[in-house]
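A short write-up of the structure that comes next.
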Amino acid sequence: MGLKSLLHRPGHQATQPAAKVSTRSVASSSSPVSQASSSKPFLDAIRSRRTVYALNKSAPIPDTQIAFIVKETIQHTPSAFNSQTARLVVLLNKEHDTFWELVKASLKPLVSEEQFTTTSAKLDGFKAGYGTVLFYEDQDIVHGLEENFKLYADKFQQWSEHTSAMHQLVLWTALEAEGFGANLQHYNPVVDAKAAEQWGVPSNWNLKAQLVFGGRVEGQEPGEKQFKPVEGERLRIYGQA
Ligand SMILES: Cc1cc2nc3c(=O)[nH]c(=O)nc-3n(C[C@H](O)[C@H](O)[C@H](O)COP(=O)(O)O)c2cc1C
């Protein structure tokens, strides 16, 4: 399907039924975990994904299903040179709470008492959610690529960031398609050492981002998003039939 047909099909009767976020369609027979309920077409899910800060501890799907979605994300998201550098740590329930307490403890010595009151309230907002996914990149693999492919040596760090970002978007979109709300945070590197100690994270894993997710608080949906014009400003197409 071309870009034109993707962008100009507001309905989602896309000609390629395979383009779905549904984990039902990808549940392999080797996976004993139950399948996801969502069958949203891919672009619908992309459109619906937002930054949602108002989160609570309710979960629209069981933890086993969350685990399944994360496994599928890791398995099928692409990586530079198929290097598979992404390493994800999923923190649910009490472990999620612990993470946000660790962030708090890490930031306390770094900010004034007055600032900490505000910071603390903000962090409690994240803690109010159901889970957090920590996105790491395996530096041993990245350095190995730098060593083995000298021509691209100065690119591998950047491509590793891209790889991580792709995982972040896939998982963010997939969790929201299941009914969660989610937002993306960056409390690295301040929390790195405490998180590594708490969950035994290998020293070659470098923390890139944290995806917080939880139940959506009724009446506190994200506000309307402002868009810059796409056509004529952010997009150029040449050779369109
Ligand atoms: C690379 C990247 C980094 C981001 N970092 C943060 C962050 O540290 N904290 C935060 O609250 N939101 C963060 N966001 C969320 C953006 O602010 C948000 O996606 C953007 O305002 C568009 O809103 P939407 O997500 O509702 O579409 C980040 C998003 C991206 C793509």
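Observations on the model:
- Calculated from backbone phi, Karplus (6.51, -1.76, 1.60) coupling profile of the range 55-64 in Hz, x at Gly/Pro: 10, 9, 8, 8, 10, x, 9, x, 4, 4
- Karplus-derived 3J(HN,Hα), 6.51/-1.76/1.60, for each residue of the range 71-85, Hz, glycine and proline x: 4, 4, 4, 5, 5, 10, 6, x, 9, 4, 6, 6, 7, 6, 7
- Of interest is the spacing of the C-alpha centroids, which for the range 157-191 and the range 104-150 amounts to 12 Å.
- The charge dipole of the range 94-148, taken about its Cα centre with unit charges on the Cβ atoms of Lys, Arg (+1), Asp and Glu (-1) only, comes to about 440 debye.
- Rounded, prolate or oblate (a/c below 1.5 giving rounded, otherwise prolate when a/b exceeds b/c) for the range 150-240 by Cα gyration tensor: oblate
- On full extension, the segment bounded by Thr51 and Phe81 gains 7.8 nm, given 0.36 nm per residue less the C-alpha separation.
- Portion, in percent, of the accessible area of the range 125-241 that falls on carbon or sulfur, probe 1.4 Å: 52 percent
- Packing here is the average count of other Cβ atoms within 10 Å per residue, and on that basis the peptides 219-225, 112-118, 167-173, 189-195, highest first, run 167-173, 189-195, 112-118, 219-225.
- For the pair Val230 and Asp154 in one chain, pulling the backbone fully straight at 0.36 nm per residue adds 24.2 nm over the alpha carbon distance.
- Largest-first ordering by accessible area, 1.4 Å probe, given options Trp205, Trp100: Trp205, Trp100
- The range 207-219 - phi-based ³J(HN,Hα) in whole Hz, Karplus 6.51/-1.76/1.60, Gly and Pro as x: 6, 10, 6, 10, 9, 9, 9, x, x, 7, 7, 4, x
- Once the Cβ-Cβ distance of Met166 and Tyr238 is raised to the sixth power relative to R0 = 25 Å, the FRET efficiency obtained is 0.45.
The values are calculated or read from the model by the stated rules, or taken from the named source; none is laboratory data. Every value quoted in this text rests on a predicted model; they were computed, and no experiment measured them. So basically every Cβ, Gly included, is an ideal-geometry build from the backbone, and we count neighbours across all protein chains shown. What goes into the accessible areas is simple: the full protein's heavy atoms, side chains included, and nothing from ligands, DNA or RNA. Shrake-Rupley method; radii C 1.70, N 1.55, O 1.52, S 1.80 Å.
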